[in-house]
Amino acid sequence: MLVKALEVAIIYYVIYYVNQSLGVWQFNRPIIAGPLVGLILGNLHTGIILGATFESVFLGVIAVGGTIPADALIGSTIGTAVAILTGASSSKALAIAVPVAALGAITIQITFAYMALFLPKMDKLAKEGNQKGVVRWHFIMSFMTPLLNTVAIFFAILLGVDAIKNFLAVLPKFVSNGFTAAGEMLPAVGFAMLLNMLFKKKYFIYFFLGFALVVYLKLPNLAVAIFAVVVAMLIYDLEQKIINNHHNKLSDREAQTTPGDLKKSEEEDFLS
């Protein structure tokens, strides 16, 4: 278990570092973390399934403004690892991942608190114009940022998997059924949160289109996704043509307009 705990902790560290420090944005999503954890633990199939399951739950959990959301990465990492190592179902893994993700929001605030101790050093280097020093400390701080959660994941897997396995074995049937029901509802909650943020009248028609394709035409999700990409590309191409035509008309208008007429047109636009 020592080796497996170390492997899971390392994969978490790498995912976090690549996302935050190297700027590969959204690399920390559950749909990426799940398969990587599954691959490192020798069960890629389960990792892919759990990654997709956790992604549907945490799809609408994003940072807006100064808020710190639940940490989907640490939740999906531990949830996937525990499910593979204990043989727990996806619903039980989900019941573990969600509270762990909420706890991750606290640990990341602790991380930001101790990382703030290095900011005066960065400010001093910036005032001195020491670009190399700023870059050097950027990478030093980047290496230290995931350490707290990495250590927490290591000990959670090392010390907690056997306890979790025994706990799940003696869990009453009604509690287990409750976990299953919650696991089936949470993806709907994740999508509802996302739709609530993206709701616009001119876009909402596409939601009903997708709903009709799945419910009435019985299309699989992959077919709907391909259809959506094609529609998005067609709309983008149409909008680009409209923009280009508009620019061409403006260029033709400017080419046919004398400086005096142009000045008069600018004054009319200003007054209007």
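The values are calculated or read from the model by the stated rules, or taken from the named source; none is laboratory data. These figures come from a predicted structure and were not determined experimentally. For neighbour counting, all protein chains shown are included, and Cβ atoms are generated from backbone atoms with ideal geometry for every residue, glycine included.
Does at least one position in the stretch 143-166 carry a residue that is modelled with pLDDT under 80, surrounded by 15 or more Cβ atoms within 10 Å (Cβ to Cβ) and more than 27 Å from Val18 (Cβ to Cβ)? Yes, some residue in the stretch 143-166 is modelled with pLDDT under 80, surrounded by 15 or more Cβ atoms within 10 Å (Cβ to Cβ) and more than 27 Å from Val18 (Cβ to Cβ).
In the stretch 19-26, is there at least one residue being assigned by TED's automatic domain parsing to the domain that holds Leu159, of a type in the set (Val, Ile, Thr) and assigned to a loop (DSSP other than H, G, I, E, B)? Yes - at least one qualifying residue is present in the stretch 19-26. Look at Gly42 and say whether it is of a type in the set (Gly, Ala, Ser) and closer than 27 Å to Ala192 by Cα. Judged against the criteria, Gly42 is not a match. Considering every residue within the stretch 253-264, establish whether at least one is modelled with pLDDT of 60 or more and surrounded by 10 or more Cβ atoms within 10 Å (Cβ to Cβ). Among the residues of the stretch 253-264, at least one is modelled with pLDDT of 60 or more and surrounded by 10 or more Cβ atoms within 10 Å (Cβ to Cβ), which makes the answer yes.
Apart from one condition, Gly42 fits all of (1) part of a helix (DSSP H, G or I); (2) more than 22 Å from Phe139 (Cα to Cα); (3) more than 16 Å from the chain's Cα centre (by Cα); the exception is (1). Among the numbered conditions (1) surrounded by 12 or more Cβ atoms within 10 Å (Cβ to Cβ); (2) at pLDDT below 90; (3) part of a helix (DSSP H, G or I); (4) not aromatic (Phe, Trp, Tyr), the only one that Leu73 does not meet is (2).
Which members of the stretch 44-54 meet the condition of being free of Cβ contacts under 8 Å to residues at least 60 places away in the same chain and surrounded by 19 or more Cβ atoms within 10 Å (Cβ to Cβ)? Passing the criteria: Thr46, Gly47, Leu50, Gly51, Phe54. Report, ordered by the first and then the second residue, all pairs with beta carbons closer than 6 Å, sequence separation of six or more or different chains, a first member in the stretch 1-19 that is charged (D, E, K, R), and a second member that is part of a helix (DSSP H, G or I). Close Cβ pairs (under 6 Å, with a partner that is part of a helix (DSSP H, G or I)) amount to Glu7/Ile40. The residues of the stretch 127-137 that are in a helix (DSSP H, G or I) and either surrounded by 13 or more Cβ atoms within 10 Å (Cβ to Cβ) or among the hydroxyl-bearing types (Ser, Thr, Tyr) (or both), listed by number, are Gly133, Val134, Trp137.
If we scan the stretch 24-31, do we find a residue that is closer than 21 Å to Phe143 by Cβ, over 16 Å from the mean Cα position of the chain (by Cα) and at pLDDT 85 or above? Checked the stretch 24-31: no residue is closer than 21 Å to Phe143 by Cβ, over 16 Å from the mean Cα position of the chain (by Cα) and at pLDDT 85 or above. Any residue that is in a helix (DSSP H, G or I), surrounded by 14 or more Cβ atoms within 10 Å (Cβ to Cβ) and without any contact (Cβ under 8 Å) to a residue 12 or more places away in the chain - is there at least one of those in the stretch 104-113? No.
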